[in-house]
Amino acid sequence: MDVPAGQPAFADPRYNSFALNTDYFYPLPKLRNERKIAFIDGGSTEIVGAPNFAVGLTRLYFCVFKGDKRIEAAKIPQRIDFYTVCYAVPRSNQIVYKTELVPVKEEWRKYLPDTADLELDSFDRTIMLGLQRAPISRILEVARVFAEWRFSSFIAQEELKEGDVLVRDGTLQTTVTHEGKYADEAYQAALQAKVYFTALSKTSTLFTETGQPLFSAIHELSESSRMKDEAWYYYPIATITQPDHKAEMLAVKLHKQSEYVFRFEVLKDQVNKNNFGEVELIISALAENSKDVCFPGYPYGLIDADKFARVSMTEKTVNEFQFRAAVSREVWDKISKFVKSSDAHELLNRLIR
């Protein structure tokens, strides 16, 4: 049964949506673009965990491209690894999660967030799962996200120049307590360097009022527009006044043969009527980086960042053994009792394979 696309649906009144319209599709400029684009991503895995503590390994990685040509990093390491150690402590009849960060190299500590900002109440609404207490392993993800923002500040200031672009995997929306501090820090670094701060998301949870995925509806609408079978961008989608989401939101199809439409965002302070041609050139530069035959229409820089930011299962196992070897037998015997309280499901999975 065919369902009409409807209009963009935002539950938050601080998103004032525009009705879907075929007039909002625009072609990408054909001008050659020489600006550099940096792509950043992060990956993490839990090494050892129990209900009251978690130890994880996190990796941050960035790469720089000019079109489809890779540019070597000049001043900062392309990859940094660090351990996150989280543990539960009682405080005023509540359970609070405290965190320590241990960079693999001490000189990388400046790229990491402040541990005070990772001290969160286990019932903090921004990290809870529904009505349940947040699992302590959630802090590993929070530490990774905060670190991505801070690392972005250094990339904008030290690896890019005026007119260049930084692309993070995801959106420019912040959701966790204290996350806005790190996002604003990154935004200010980009503004000072006159570097465009952007984000591209592979997935989206946005809908139209009839329940269709918003970006699928926009893709379907393009089939009846003048941009059918072409690369394009779609704008505007909504005016955003939500203070935790400082962005202009667009939809982009970065290759004419692509079957995918992505959510693309640019820092709101860097977009106005007088410079929208710059935004078009940024999207065009992304399109130049999106010609990989394995995934046409998706920036190769983000494929590269995702690949090298991942922590493999082999690394997880090796680091678990290294962690066990690093602590005393007495400490491990105590820790293992906690681990056994949560690993019964994993044991069952191994038995029934």
Inset, instruction - Rounded to the nearest 10 degrees, what's the angle between the helix 138-158 long axis and the longest principal axis of the chain, both from Cα atoms, 0 to 90? - result: 50
Legend entry - Under 14 Å, Cβ to Cβ, from Arg144 - net charge with Lys/Arg +1 and Asp/Glu -1: -3
Legend entry - Over 28 Å (Cα to Cα) - which of Lys36/Lys110; Lys110/Lys253; Lys36/Lys316; Lys30/Lys268 fall in this group: Lys110/Lys253; Lys36/Lys316
Legend entry - From phi via Karplus (6.51, -1.76, 1.60), per-residue ³J(HN,Hα) for the stretch 178-183 in Hz, x at Gly/Pro: 6, 5, x, 4, 7, 5
Legend entry - Degrees, to the nearest 10: 329-340 long Cα axis against longest axis of the chain: 60
Inset, instruction - Provide the gained length on full extension for the span Leu131 to Ala74, in nm with one decimal, where the gain is 0.36 nm per separating residue minus the Cα-Cα distance. - result: 15.9 nm
Legend entry - Rounded FRET efficiency, nearest 0.05, which uses the C-beta distance separating Ala9 from Ser225 and R0 of 25 Å: 0.75
Inset, instruction - Multiply the residue separation of Gln242 and Glu34 by 0.36 nm, subtract the distance between their alpha-carbon atoms, and state the gained length in nm to one decimal. - result: 71.5 nm
Inset, instruction - Compute log10 of I(q)/I(0) for the stretch 8-311 with the Debye formula, placing one identical point scatterer on every Cα and leaving out solvent, at q = 0.07 Å⁻¹, to two decimals. - result: -0.28
Legend entry - For the stretch 53-60, 3J(HN,Hα) per residue [Karplus equation, 6.51 cos²θ - 1.76 cosθ + 1.60, θ = phi - 60°, Hz, x = Gly/Pro]: 7, 8, 10, x, 10, 10, 10, 10
Inset, instruction - Note down the net charge around Leu160, summing +1 for each Lys or Arg and -1 for each Asp or Glu among other residues with Cβ under 14 Å from its Cβ. - result: +1
Legend entry - Inverse of mean 1/r across different Cα pairs in the stretch 70-173, Kirkwood, Å: 15.5
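Read-outs: derived from the displayed coordinates by stated rules, not from any lab. Source: prediction; values computed, not measured. Here Cβ is always computed from backbone atoms with ideal geometry, including for glycine, and neighbour counts include all displayed protein chains.
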